[in-house]
Amino acid sequence: MCAKDSCALSVFIRVHGFQPYLLNSIHSALNQVTSFSFDVWLILDRPDPQVYSDLATVTDSRLKTFLPKSAGPAEPINELFELVSCDLIAILDADDMMEPNRLQLQFDFLAQNPQVAVVGSSVFLIDEKGDKFGVKVFPVDARVIYEQRYK
């Protein structure tokens with residue numbers, strides 16, 4: 001597990017079924033440029049057997065796996081929350097990639113704004129080759145976020 005004195009943040013990636021972009025997601029997480037230590041947890045929620053073959057190619061010791069007792073989009077993540085001792089958690093979908101400085105930017109923002117509990121980001125839309133073709137911008141105003149929380 002992530003000891004508080006050795007890891008400031010954990011990245012959670014829930015893996016369900018076949019995930020053709022999983023290695024891209026994992027590498028985008030492991031290649032983050034940060035001033036703090038972090039690890040990456042794969043929540044193996046009924047993954048396709050190919051996932052295990054893909055994971056055998058990753059040798060970074062920061063990559064950890066977790067086999068949840070429950071299934072579904074939220075329950076396995078909640079199980080891991082109970083076990084990991086890092087103060088901060090970042091969530092990454094198994095078909096998404098992070099910009100190389102995402103964790104540092106969000107970490108710094110939270111450190112400078114202790115009244116804030118959750119941060120997010122806008123996203124670049126990419127095709128199956130990883131080429132950017134658009135941007136999805138999410139609201140930053142608290143009132144607007146609250147009003148759009150179920151959309």
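The values are calculated or read from the model by the stated rules, or taken from the named source; none is laboratory data. Fair warning: this is a prediction, and the values are worked out from it, not measured in the lab. Neighbour counts run over all protein chains shown; Cβ positions are idealised from the backbone, glycine included. These area figures cover heavy atoms from the full protein model, side chains too; ligands, DNA and RNA do not enter into them. Shrake-Rupley method; radii C 1.70, N 1.55, O 1.52, S 1.80 Å.
Checking the a/c ratio against 1.5 first, then a/b against b/c, what shape does the Cα gyration tensor give for region 1-87?
Values: a/c = 2.15, a/b = 1.22, b/c = 1.77.
Oblate, because a/c is 1.5 or more while a/b does not exceed b/c.
Where in region 43-97 are there trypsin sites (Lys or Arg not before Pro) that are in a DSSP coil and have at most 13 other Cβ atoms within 10 angstrom of their Cβ?
Numbers: sites: R62, K64, K69; in loops: R62, K69.
Those that pass, being in a loop and sparsely packed, are K69.
Our note on the geometry: Cα centres of region 29-82 and region 107-151, 22 Å apart. Counted by Cβ distance under 13 Å from V11, the other residues give a net charge of 0, where Lys and Arg count +1 and Asp and Glu count -1.
From the helices alone, meaning DSSP H stretches of at least four residues, give me the mean residue ellipticity at 222 nm for the chain, per-run term -39500 (n - 2.57), in deg cm²/dmol to the nearest 500.
Details: 5 runs with 42 residues, N = 151.
Computed mean residue ellipticity for the chain: -7500 deg cm²/dmol.
Mind jotting down a quarter of the surface of the convex hull over the alpha carbons of the chain, in square nanometres, one decimal?
Details: hull surface 39.7 nm².
Averaging across all directions leaves 9.9 nm² for the Cα convex hull.
Think of the chain as having a plus end and a minus end, set by charges on the Cβ of Lys, Arg, Asp and Glu; of F124, A111, V51, A111 sits farthest toward the positive end of this dipole.
Round to the nearest 0.05 the FRET efficiency obtained for I126 and S53 when R0 = 25 Å and r is the Cβ-Cβ distance. List each step's numbers first, then the result.
Details: r = 24 Å, r/R0 = 0.95.
Result of the calculation: an efficiency of 0.55.
Scan the chain and hand back the longest stretch that contains none of the chymotrypsin sites (Phe, Trp or Tyr not before Pro) lying in DSSP loops with at most 16 other Cβ atoms within 10 Å. Intermediate values should be presented prior to the final figure.
Working: sites that count: F18, Y21, F36, Y150.
My reading of the result: 37-149 is the longest stretch.
Percent antiparallel among DSSP beta bridges with both residues in region 37-147, to the nearest 5?
Working: 4 of 8 bridges.
Around 50 percent of the beta bridges assigned by DSSP in region 37-147 are antiparallel ones.
For K151, give me every one of the aspartates and glutamates with a C-alpha distance below 17 angstrom, ignoring sequence neighbours fewer than eight places off in its own chain. Here the aspartates and glutamates satisfying the reach criterion relative to K151 are D141. Entry comment: accessible area of region 70-151 is 74 Å² per residue, from protein heavy atoms only and a probe of 1.4 Å.
Loop only by DSSP, 14 or fewer other Cβ within 10 Å of the Cβ. Give me the trypsin sites (Lys or Arg not before Pro) in region 104-140 that pass, ordered by residue number.
Values: sites: K129, K132, K136; in loops: K129.
When the trypsin sites (Lys or Arg not before Pro) of region 104-140 are filtered for loop state and at most 14 Cβ neighbours within 10 Å, K129 remain.
The length gained on full extension between R62 and I145, counted as 0.36 nm times the residue separation minus their Cα-Cα distance, comes to 26.6 nm.
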